[in-house]
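Please treat every number below as a calculation from the coordinates, not as lab data. Predicted model, so just to flag it, every value in this text is computed and none were measured. FYI the Cβ positions are ideal-geometry reconstructions off the backbone, even for glycines, and counts take in every protein chain you see.
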Amino acid sequence: MNILCTGLNYKNSPLEVREKFAVGSHELEETLAAVRRVEGLAGAVILSTCNRVEFYTASLCPVRAFEGLRELLHTRAGFTAEAPLYFHDTTRSVRHLFRVVSGLDSMVIGETEILGQVKKAYSAAVEVGATSLHLNKLFQQSFRVAKHVRSETRITRGTTSVGSVAVDLAGKIFGDLTGKRVMILGAGETSERTARSLVSRGVRTVIVSNRTFERAAKLAEEIGGLAIHFDHWQNAFAEVDILICSTAAPGIILTEEKLAPLMKNREGRPLFIIDLAVPRDVESSVNELEGVYLYDIDSLEEIVRQSLDVRRSEVARCEKMISVQVKSFLSWLQTHPNFRP
């Protein structure tokens, strides 16, 4: 049996390409079913985050499986050009997943958020019966690898999530976040991490708005903020200094046309927008409005590079630990039927 990984990430694809291939939670089950119908595939797990869209599959016919999966992904994304999809064989796929869950393949080296995202992706696939014996073993071992790497190295020291990096960006913009007002659109995991980081940095007010008001209210209560209904967030917009967007909306929710009249009520005060969503929540042209400064997920890369010194020194140790675990998994794979290296 072959373990395969097909996908694209922030290293080889810009945001405008990644968002076309992104798989939202509302379409995950349907997409998993479509992937499993590809000839030659025996199981699948889909990992779709702001920085990567990856399909982990098990197959006896890797070439046929890749061709069928590539055709499916291009058709689904409506992508007419040839997308820069990578295709890893068994050994590279196993190593790649172990590096991903350990935070070595992330924009923020050593970030811990990705482990929770991989666990969630795997659980979702298990829930609908999309996995197989070999994928179950692979992902369960990957979680143990991540735990081992975290506990035995300093790879997670310092800033460890995209949300924290976004807060660092806000700090660089304003110098001091004390007394600033922040609005967060979306009450998911990324928003929650960002909100908690903001509170720890002394922001005066955090306003949370989400399509499900109960989630917004729960998060606001936990951080001492204020929740408002998603249809009314514009009413509190005039006093906001920072707008952080991280919704699960399938498309743009804040356009230049919608924002332009709202900016007139701000009396010349600048607005900094950090768009963490994929697909993007904010239309790129809003950056052309007077007083608006927009940063998307790819704009955080410079700040990320500035926080990597300690972690880079630990990468070699992590790679050695992962190599041992890759050999362990391949040895297990060889003892099971239909193994092909």
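Once the cut-off is 27 Å, how many percent of the Cα-Cα pairs in the stretch 30-162 end up in the long-distance tail? Can you show the working numbers first?
Numbers: 1779 of 8778 pairs.
Of all Cα-Cα distances in the stretch 30-162, 20 percent exceed 27 Å.
Strictly over 30 Å apart at the Cα level, which of Lys180/Lys264; Lys119/Lys258; Lys120/Lys180; Lys218/Lys264; Lys20/Lys258; Lys20/Lys120 would you flag in this model? The partial results should precede the final answer.
Details: Lys180/Lys264 20 Å; Lys119/Lys258 37 Å; Lys120/Lys180 34 Å; Lys218/Lys264 32 Å; Lys20/Lys258 23 Å; Lys20/Lys120 21 Å.
From Lys180/Lys264; Lys119/Lys258; Lys120/Lys180; Lys218/Lys264; Lys20/Lys258; Lys20/Lys120, over 30 Å: Lys119/Lys258; Lys120/Lys180; Lys218/Lys264.
Which Cα, out of Phe329, Leu8, Phe21, lies furthest along the positive dipole direction of the chain (beta carbon charges, K/R +1, D/E -1)?
Ranked along the dipole, the leading option is Phe329.
Just want the answer: with Cβ charges of +1 for Lys and Arg and -1 for Asp and Glu, which residue in Ala44, His96, Gly68 is farthest toward the dipole's positive end in the stretch 1-107?
His96
Nearest 5 is fine: what % of DSSP beta bridges in the chain come out antiparallel, could you say? Present the calculation step by step, with values, prior to reporting the outcome.
On the way: 18 of 41 bridges.
Here the antiparallel bridges make up roughly 45 percent for the chain.
What is the stretch 42-111 by shape, rounded, prolate or oblate, if you read a ≥ b ≥ c off the alpha carbon gyration tensor as root eigenvalues and call it rounded for a/c under 1.5, prolate for a/b larger than b/c, and oblate otherwise? Mind showing how you got there, number by number?
On the way: a/c = 2.28, a/b = 1.33, b/c = 1.72.
Here the stretch 42-111 falls in the oblate category.
How big is the charge dipole of the stretch 81-134 about its Cα centre, in debye rounded to the nearest 20, if each Lys and Arg gets +1 on its Cβ and each Asp and Glu gets -1 on its Cβ? Could you put the intermediate results ahead of the total?
Working: 5 positive and 6 negative charges, 34 e Å.
Here the stretch 81-134 has a charge dipole of around 160 debye.
With an 8 Å cut-off on Cα pairs and a minimum separation of 6 or more residues, tell me the relative contact order of the stretch 187-234 in percent. Could the numbers behind the result be given before it?
Values: 56 pairs, mean separation 17.1, N = 48.
Relative contact order comes out at 36 percent.
If every alpha-carbon in the stretch 162-303 counts as one equal scatterer, what log10 I(q)/I(0) does Debye give at q = 0.11, 0.18 1/Å?
One equal scatterer on each Cα of the stretch 162-303 leads to -0.34, -1.00.
Once you keep just the Cα pairs under 8 angstrom separated by 6 or more residues, what percentage relative contact order results for the stretch 1-136? Don't skip to the end; give the middle numbers.
On the way: 209 pairs, mean separation 46.5, N = 136.
Reported relative contact order: 34 percent.
When the scattering of the chain is computed by the Debye formula from its Cα atoms alone, each counted once and equally, what is log10 I(q)/I(0) at q = 0.07, 0.09, 0.10, 0.14 Å⁻¹?
Taken in order of the listed q values, log10 I(q)/I(0) reads -0.31, -0.52, -0.63, -1.14.
Using alpha-carbon pairs under 8 Å, 6+ residues apart, how would you state the relative contact order of the chain in percent?
Values: 597 pairs, mean separation 63.2, N = 341.
Computed over the chain, the figure is 19 percent.
Which aspartates and glutamates, on any chain, are close to Lys147 with Cα under 17 Å apart, when same-chain ones fewer than 8 places away are left out?
Excluding near neighbours in sequence, the set is Asp105, Glu111, Glu113, Glu314, Glu319.
What's the longest piece of the chain with no exposed GluC sites (Glu not before Pro), counting a site as exposed if DSSP puts it in a loop and it has at most 13 other beta carbons within 10 Å?
On the way: sites that count: Glu39, Glu82, Glu267, Glu290.
Longest stretch, sites excluded: 83-266.
Report, in debye and to the nearest 20, how large the dipole of the stretch 162-303 comes out about its Cα centre when Lys and Arg carry +1 and Asp and Glu carry -1 on their Cβ.
On the way: 15 positive and 22 negative charges, 101 e Å.
Charge dipole, the stretch 162-303, about its Cα centre: 480 debye, nearest 20.
Taking the Cα centre of the chain as origin, work out the dipole magnitude from +1 charges on Lys and Arg Cβ and -1 charges on Asp and Glu Cβ, in debye rounded to 20.
Working: 42 positive and 41 negative charges, 299 e Å.
Computed charge dipole of the chain: roughly 1440 debye.
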